[in-house]
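One structure is given below, encoded as structure tokens.
The values are calculated or read from the model by the stated rules, or taken from the named source; none is laboratory data. The model shown is predicted, which means the values in this text are computed figures rather than measured ones. With ideal geometry, Cβ positions are generated from the backbone for all residues, glycine too; neighbour counts draw on all protein chains shown. Areas reflect the complete protein model, heavy atoms only, side chains present, ligands, DNA and RNA absent. Shrake-Rupley method; radii C 1.70, N 1.55, O 1.52, S 1.80 Å.
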Amino acid sequence: EGHADDQGSPSHNMTLSRNRARAVMRYLQQHGIARTRIDSEGFGSTRPVAPGDTPEAHAQNRRVVIKVLA
């Protein structure tokens, strides 16, 4: 899951978060994980983990979350 902070337009943040998630997916593929075992999705700024308009909150909301499913 790629995520972005709320700075910038919603469309820019969605593109940014999708690109973030795809970059991690490519890294995993390059290190031996089969493409069929990986999926990526961008959520833009729709799922913040840190509320507020501080530099710290913005930094925490710019992230990639990797979920491992059994």
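Please go through the stretch 18-35 and give me each residue that is of a type in the set (Val, Ile, Thr) and assigned to a helix (DSSP H, G or I), ordered by number.
Initially, the stretch 18-35 is screened for residues of a type in the set (Val, Ile, Thr), giving 24, 33.
Of everything in the stretch 18-35, just one residue is of a type in the set (Val, Ile, Thr) and assigned to a helix (DSSP H, G or I), namely VAL24.
Looking at the stretch 14-27, can you tell me whether even one residue there is open to solvent by less than 60 Å² (accessible area, probe 1.4 Å), in contact with a Phe, Trp or Tyr (Cβ under 6 Å, 6 or more places away or on another chain) and of a type in the set (Gly, Ala, Ser)?
Yes, the conditions are met somewhere in the stretch 14-27.
Which one is surrounded by the most Cβ atoms within 10 Å (Cβ to Cβ), of the residues in the stretch 54-70 that are free of Cβ contacts under 8 Å to residues at least 12 places away in the same chain and in a loop (DSSP other than H, G, I, E, B)?
For the stretch 54-70, the residue satisfying everything is THR54.
Please determine, by comparing only the residues of the stretch 36-53 that are part of a loop (DSSP other than H, G, I, E, B) and among the polar types (S, T, N, Q), which one is nearest to ALA4 (Cα to Cα). Please lay out each step first, then the result.
Applying the first criterion (part of a loop (DSSP other than H, G, I, E, B)) to the stretch 36-53 yields 38-41, 43-53.
Those left that are additionally among the polar types (S, T, N, Q): 40, 45-46.
Numbers: SER40: 14, SER45: 5, THR46: 8 Å.
Taking the candidates together, the pick is SER45.
Go through the stretch 10-28 and give me each residue that's within 19 Å of VAL68 (Cα to Cα), in contact (Cβ under 8 Å) with a residue 12 or more places away in the chain and of a type outside the set (Gly, Ala, Ser).
Hits for the stretch 10-28 are ARG18, ARG20, ARG22, VAL24, MET25.
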